[in-house]
Amino acid sequence: MTESSMPTRTPEARVAGAMKGFAQEIGALSAFRMESCIHCGICAEACHYYIATEDPQYTPIWKVEPFKQAYKREASALAPLYRLFGFKREVTADQLAHWQHLLFDSCNMCGRCSLICPMGIDIAALIEQSRHAMFEAGLAPQELYDKAAHQQLTGQPEASAEPYRDQLIAIGLKFDVPIPLDETDVDIMLCVPRTDIEHYPTAVAALARVMQHLGSSCTFRSDGLIAENYGYYAGGKEWQRDISLRLIDQAIACHAKILLVPECGHAYTALRWEAADLYGAKLPFKVSSVTEFLGEELEAGRLTLKESTQGTTTFHDPCQLVRKGGVNEAPRALMKAMNVDLHELDNHGGFSFCCGGGGGVLDIKQAAPLRYRTVEVKLREIDATGAQTLLTSCSDCRRTFDDAQAHFSWDKRPQSLLELVANNLIESGATP
Amino acid sequence: MDLLTFARGMGLKAAIAIFCLGVTWRIVAFALLKIRRDFAAPRESILKYLSGGLITTMARSWPHREFIGRTGPGEALGYSYHLGLFAVVLLFTPHILLLGSLFGFTWPGLPSSIITIISVLTLTLFLAVLFRRVTNPVMRMLSNFDDYFSWFITMLVMVTGLAATAHVGGPYETLLAIHILAVDALLIWFPFGKLMHAFYIFPSRAINGALLGRKGATS
């Protein structure tokens, strides 16, 4: 299927596709999660979409309502009774079409709702499964579908004037840093967010510089360069697997012991926590985020950093990296090592509000007005810290904040933690 | 056979049988679905993530600092009426004697006057819960027949129990029979609706806590 051939389906085919997709997903855990909901609505109070709008439809568990309905009618313990007495109606095509807005435009899959549920339901996991069903129904947003299709076919989410491989080499030349490429028998395979290649080449150079400084045996691979996974965003599980396999195959080919995920939260989730399941076995290498890798290097004494000269700073915890990924201590250890004057956000660490751009939302044009309303929640919180600088460790978050900066004429530009580290390396023999 | 004999005889036995079979089926049905193996390497040791599950099971009863400002009143209401229900069910002497005949041991109860006060407070909280459900836009949108019927049948048990204890509304034996019939109805409804959350809440929290703990993530 090519990027331009997103199928136009009859309403009946859409419903059948979605239900098939969702039924395939239903395992004991998902069923248990759906059965456990007591309709208390507390999850709304964790969601930045609800907090920004107070619109009940943005209640996280409501976003999976058609799929709860379908599960209870088709596959639950009481399914025959639900059908017999008509307690659960069949999901309609119109219902699904409306839910595209709720599952894609107004959810970053950030997982904050999963921390508030008194029943302990991982609502974000249900939303991810519902996105799979929407993809099967042909109801993934066009922007995400096209990028996923293109990436599945070519390795790049969209065509570029120059192949990303060539752009990577050009970045190395421009910033005078060696870019190891297509080497074999290395310890670490590197990849890069396409967001960084296009918008933040300094972050690409910073990654290469830090790896050079550490003397790491590493390489980028032309055939497995891009970290993002648009299959994950769009809900296309098969495409997500194909896109992940491209990197897995390359990591195996170069005998890497570590696949290093750059500053990209969703890439981390896709590769660290989901790729092995799609691969169907344990991965023969470790998947590590660059932030936690640098934290480990710091702890081992192989990375020494000098004091940062930037002023008061606050840190935005990327949801996928921190809340859902467990990389909580490494960014703070790195900032502490550079003596960063950190002013924590009121909601930080695992409880941080999402930037509003994750989960592919930044790419969805029709989502922009709502996204700006949710970003305001975050911007107000950042401003309240009084910090001069905003630091983060995810290029999608960075891009979302940059977009918000342009939209609101905000007085801050987000900066990369990796770049801060690269700018504060202590060369061997030098004094801090 | 009079109403009371039926209510606490055949009626209660039938209700308990439906309750046990229904609850068992609602739990066994999960086991019939596939359980996926997680191939991703855990960040933490098995002990650490099992302890994460245990901690979440307990800690989720109290909102995180970051949420308490928004959820505190609603959660306080919810947990308060549950505590009231537990007190009335487990600490009222006639209930203890009934449960003792089933389990073979008893425990000390609270004086009837205290139980009556707790019952009235719990009833008031229960009305507040319904008021909240119909006035809060989020809860109203999420609510369905199950929510209202489960509320109604629990309320029915409480009101009839209070009436029987206070001897208000008719002869004691009739009031007691109606109360026990209400309990029978609750037991029959239990496996078909949201009352099942009594069996789900702790495993659900434990699973979520353990899976997040496996990643070293916040729970």
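The values are calculated or read from the model by the stated rules, or taken from the named source; none is laboratory data. Given the structure is predicted, the values throughout are model-derived calculations rather than measurements. Note that we place each Cβ from the backbone using ideal geometry, even for glycine, and neighbour counts take in every protein chain shown.
Scanning region B:51-66 for residues that are outside any helix (DSSP H, G or I) and more than 13 Å from B:SER204 (Cα to Cα), we see that the one that is farthest from the chain's Cα centre (by Cα) is B:HIS64.
Of the residues making up region B:42-69, those that are closer than 27 Å to B:THR154 by Cβ and surrounded by 16 or more Cβ atoms within 10 Å (Cβ to Cβ) are B:THR56, B:THR57, B:ARG60, B:PRO63, B:PHE67.
Just to check your reading of the model, which residue among A:ARG399, A:ARG380 is closer than 27 Å to A:ASN328 by Cα, under 17 Å from the mean Cα position of the chain (by Cα), surrounded by fewer than 24 Cβ atoms within 10 Å (Cβ to Cβ) and modelled with pLDDT of 95 or more? Answer to the check: A:ARG399.
Looking across region A:289-324 at every residue that is surrounded by fewer than 14 Cβ atoms within 10 Å (Cβ to Cβ), within 15 Å of A:LEU420 (Cα to Cα) and not charged (D, E, K, R), the one that is modelled with the highest pLDDT is identified as A:THR312.
Residue-wise test of (1) assigned to a helix (DSSP H, G or I); (2) away from chain B (no Cβ under 14 Å); (3) touching a strand residue (DSSP E or B) at 6+ places or on another chain (Cβ under 9 Å).
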position	(1), (2), (3)
A:LEU271	yes, no, yes
A:GLY301	no, yes, no
A:GLN320	no, no, no
A:VAL340	no, yes, yes
A:CYS355	no, yes, yes
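Across region B:155-174, the number of residues qualifying as crowded, with 19+ Cβ neighbours inside 10 Å and under 16 Å from the mean Cα position of the chain (by Cα) comes to 2.
Considering A:LYS286, A:LYS282, A:LYS237, the condition of being closer than 27 Å to A:ASN108 by Cα, of a type outside the set (A, V, I, L, M) and surrounded by fewer than 19 Cβ atoms within 10 Å (Cβ to Cβ) is satisfied by A:LYS286 alone. Comparison of B:ALA185, B:ALA177 shows that the only residue that is more than 9 Å from every other protein chain (Cβ to nearest Cβ), buried (at least 21 other Cβ atoms within 10 Å of the Cβ) and either in contact with a strand residue (DSSP E or B) (Cβ under 8 Å, 6 or more places away or on another chain) or assigned to a helix (DSSP H, G or I) (or both) is B:ALA177. Selection of first residues in region A:184-195 that are in contact (Cβ under 8 Å) with a residue 60 or more places away in the chain and of second residues that are assigned to a helix (DSSP H, G or I) and basic (Lys, Arg), restricted to Cβ pairs under 8 Å at least 6 apart or on distinct chains, gives the following pairs, ordered by first then second residue: A:THR195/A:ARG398; A:THR195/A:ARG399.
Taken over region A:168-188, the criterion of being closer than 18 Å to A:ARG246 by Cβ and surrounded by 13 or more Cβ atoms within 10 Å (Cβ to Cβ) is satisfied by A:LEU168, A:LEU181, A:ASP182, A:GLU183, A:VAL186, A:ILE188. Just one of the listed residues (B:THR122, B:THR154, B:THR56) is touching a residue at least 60 places away in the same chain (Cβ under 8 Å), among the polar types (S, T, N, Q), closer than 21 Å to A:PRO118 by Cα and touching a Ser or Thr at 6+ places or on another chain (Cβ under 9 Å), and it is B:THR56. Step by step: first the residues of region B:189-216, then only those that are within 15 Å of the chain's Cα centre (by Cα) and more than 9 Å from every other protein chain (Cβ to nearest Cβ), then the one that is surrounded by the fewest Cβ atoms within 10 Å (Cβ to Cβ). Which residue is that? Among residues in region B:189-216 that are within 15 Å of the chain's Cα centre (by Cα) and more than 9 Å from every other protein chain (Cβ to nearest Cβ), the one surrounded by the fewest Cβ atoms within 10 Å (Cβ to Cβ) is B:ALA198.
A residue that is more than 25 Å from the chain's Cα centre (by Cα) and either assigned to a helix (DSSP H, G or I) or among the charged types (D, E, K, R) (or both) occurs nowhere in region B:7-23. Here the condition is being outside any helix (DSSP H, G or I), free of Cβ contacts under 8 Å to residues at least 12 places away in the same chain and basic (Lys, Arg); of B:ARG37, B:ARG70, it holds for B:ARG37 alone. Residues that are assigned to a helix (DSSP H, G or I) and under 23 Å from the mean Cα position of the chain (by Cα) were ranked within region A:253-269; the one that is surrounded by the most Cβ atoms within 10 Å (Cβ to Cβ) is A:GLY265.
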